[in-house]
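Below: the structure, in structure tokens.
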Amino acid sequence: MALELIDFLIIISFFLISLFVGIAVSKKSSKNASSFYLSGRNMPWWLLGVSMVATTFAADTPNLVAGIVRDTGVAGNWEWWAFLLTGMLTVFFYARLWRRSGVTTDLEFYELRYHGKSAAFLRGFRAIYLGVIFNVIIMATVCLAAIKIGNVMFDFTAGETLWIASIVTVLYSLLGGLKGVLITDFIQFIIAMVGSIWATMYILDLPEINGMQNLITHPNVVGKIDLLPDFSNTELMMGIFLIPLAVQWWSTWYPGAEPGGGGYVAQRMLAAKDEKNATWAVLFFNLAHYALRPWPWIIIGLASLIIYPNLESLATAFPNLDPKFVKDDLSYPAMLTFLPAGLLGLVITSLIAAFMSTISTHLNWGSSYVVNDFYARFIKKDASEKQKIIVGRLSIIAMMACAGLLSLVLEQAKDAFDLVIQIGAGSGLLFILRWFWHRINPWSEITAMASSLIIAMIFFADSRLDGQLFANWAGYEKICFNVVVTTAAWLIATFATRPTQAQTLDHFNHVIFGKESKFHNFPVKILGFFMGIIGVYSLLFSIGKFLYGEAMMGWTLMGIFIVCVLGLMALRKKLF
């Protein structure tokens with residue numbers, strides 16, 4: 001695809017702005033590890049909330065959503081819409097607790113909550129397990145999306161795409177620390193939203209699509225637009241709706257939707273100026289992530305069914321692309337090839353911004369684990385602040401290289417999504433309860449982590465080796481099996497081992513809860529939890545109904561959203 005001068009100017013300008021931000025904040029961010037990873041703990045809620053949204057606005061996310069829409073329809077998004085419950089749990093029960101803990105990373109929590117060598121081992125092991133291995137898997141899926149976009153839109157090889165996409169991201173991540181990431185995230189989010197909405201409007205006006213009404217009545221699309229799955233199709237309903245809503249949201253650890261908070265979401269909460277800002281940041285994130293952002297990707301996914309009705313048509317359109325990459329998630333970048341000059345440059349910039357935002361966050365977050373929870377804790381306890389930052393920057397470069405290499409063996413975003421869900425299955429309930437139940441100890445967490453990983457690897461290996469052992473198992477059956485076995489395993493370990501010593505628990509409860517009861521204002525928080533869920537889903541579906549031309553239902557759902565907002569505002573002093 002030939003870019004014109006205006007397209008190049010837009011792309012180059014964005015690169016220069018990103019580098020300028022990194023350079024501008026590099027001196028302050030390089031003072032010490034706390035400045036590099038937490039921006040001095042004085043960030044406002046709106047900047048943190050936008051950063052969380054921008055991070056999940058990855059280059060692979062539009063591809064994933066478009067692929068889901070093509071495969072199982074709009075209702076297929078319940079696989080990730082169900083995680084709204086997890087997010088609201090963090091908003092109303094855990095955001096204040098994280099900010100109050102005063103830790104530098106969520107892994108440092110382990111030696112606040114537990115004691116002894118087992119707690120230290122857990123912290124160090126998860127620093128590598130999550131900060132490096134798991135983190136690299138997530139970044140590899142984003143790199144995979146970049147490879148597909150680069151090939152479809154510019155005929156780049158995988159290597160060329162990875163090199164071009166990574167160099168600026170790594171540079172400003174090395175220079176600016178978390179503050180640089182937060183500022184560029186804010187810019188990137190605006191560009192990404194404008195680009196995706198404008199691109200959707202243009203694609204709807206294509207002669208082949210001919211507007212929204214023609215799109216939703218087209219024979220290729222009409223069976224894909226329902227917001228709820230076909231309940232007569234038991235297997236589909238179980239896999240994409242019932243199991244995610246009934247089991248997955250509380251039982252599964254997933255980056256950005258960790259039960260009880262964690263990962264880069266915890267990093268943002270810990271960087272907030274106070275508990276109130278931490279809470280509002282996560283609330284805004286969940287509102288924007290689930291309600292405001294998905295519809296442009298959904299519409300483009302539906303439109304692709306008209307122009308590219310099957311995988312064969314995609315393969316024919318892009319003959320130079322490795323056949324293993326020709327999956328339904330290719331449809332999103334394929335549709336972008338229809339955009340005109342100027343808009344094309346803006347949309348490409350928005351995709352680059354999405355890539356950079358996610359990768360920079362994961363690099364900074366993963367590096368914080370390597371430095372704070374492994375290097376400075378176990379390798380060199382007396383490390384200077386300068387040494388910590390050097391090690392952090394070296395780990396950033398190493399993780400980016402590993403992610404790029406791993407992306408070359410993946411095929412589609414859904415593969416990695418399913419693998420990550422399986423690896424985290426069964427551990428979610430533990431993360432929810434460990435703040436309140438004194439019996440949970442390091443061996444509970446070690447057992448949960450080991451059990452879910454082993455089961456996930458068995459399922460993954462069986463699928464890759466064309467094994468027949470689990471050939472008849474549906475995806476949701478595998479998740480439920482992992483949840484049951486892993487939950488049983490860590491509960492047995494919990495009761496078979498001693499709880500954390502009383503002195504450590506007393507200190508933890510004093511730091512986190514002070515003189516308040518652990519269950520202070522719980523009825524109000526539960527009410528807020530349900531109001532938040534109902535409000536966000538109402539807004540999400542209200543937008544969809546307006547797009548489908550069902551104005552009456554759209555306004556009804558919008559009214560429910562407004563009532564929920566007013567209710568939360570009335571209860572804000574007790575909630576926040």
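Looking at the range 64-83, can you tell me whether even one residue there is within 13 Å of the chain's Cα centre (by Cα) and of a type in the set (S, T, N, Q)?
Scanning the range 64-83, I find no residue that is within 13 Å of the chain's Cα centre (by Cα) and of a type in the set (S, T, N, Q), so the answer is no.
I'd like the residue in the range 216-261 that is aromatic (F, W, Y) and outside any loop (DSSP other than H, G, I, E, B) and, out of all such residues, is farthest from T487 (Cα to Cα). Give the derivation first.
The initial filter retains those residues of the range 216-261 that are aromatic (F, W, Y), namely 231, 241, 249-250, 253-254.
When the remaining residues are screened for being outside any loop (DSSP other than H, G, I, E, B), the result is 241, 249-250.
Numbers: F241: 22, W249: 14, W250: 12 Å.
Ranking the qualifying residues of the range 216-261, first place goes to F241.
Inside the range 272-350, counting only helices (runs of 4 or more DSSP H) that do not spill past its ends, which hold 3 or more residues that are on the phi < 0 side of the Ramachandran plot and free of Cβ contacts under 8 Å to residues at least 24 places away in the same chain?
So the answer is 311-317.
Kindly evaluate A288 against the criterion of being surrounded by 24 or more Cβ atoms within 10 Å (Cβ to Cβ) and under 21 Å from F57 (Cα atoms). Outline the logic, then answer.
Details: surrounded by 24 or more Cβ atoms within 10 Å (Cβ to Cβ): no; under 21 Å from F57 (Cα atoms): yes.
So A288 does not fit the description; no.
Would you mention how many residues in the range 195-215 are assigned to a helix (DSSP H, G or I) and either open to solvent by 70 Å² or more (accessible area, probe 1.4 Å) or small (G, A, S) (or both)?
From the range 195-215, those assigned to a helix (DSSP H, G or I) are 195-204, 212-215; that's our starting set.
Remaining after also requiring either open to solvent by 70 Å² or more (accessible area, probe 1.4 Å) or small (G, A, S) (or both): 195-199, 201-202, 213.
Summing the residues that are assigned to a helix (DSSP H, G or I) and either open to solvent by 70 Å² or more (accessible area, probe 1.4 Å) or small (G, A, S) (or both) in the range 195-215 gives 8.
Here's a check for you: in the range 39-78, which residue that is at pLDDT 85 or above and hydroxyl-bearing (S, T, Y) is surrounded by the most Cβ atoms within 10 Å (Cβ to Cβ)?
Taking the candidates together, the pick is S51.
Touching a helix residue (DSSP H, G or I) at 6+ places or on another chain (Cβ under 7 Å) and either surrounded by fewer than 17 Cβ atoms within 10 Å (Cβ to Cβ) or among the basic types (K, R) (or both): which single residue out of G544, G549 fits that description? Full working, then the answer.
On the way: G544 fails: either surrounded by fewer than 17 Cβ atoms within 10 Å (Cβ to Cβ) or among the basic types (K, R) (or both).
After ruling out the rest, the residue left standing is G549.
The values are calculated or read from the model by the stated rules, or taken from the named source; none is laboratory data. Remember, it's a predicted structure, so these values are computed and weren't measured experimentally. Using ideal geometry, Cβ is built from the backbone for each residue, glycine included, and neighbour counts are taken over all protein chains shown. Side chains included, ligands, DNA and RNA excluded: accessible areas come from the protein's heavy atoms. Shrake-Rupley method; radii C 1.70, N 1.55, O 1.52, S 1.80 Å.
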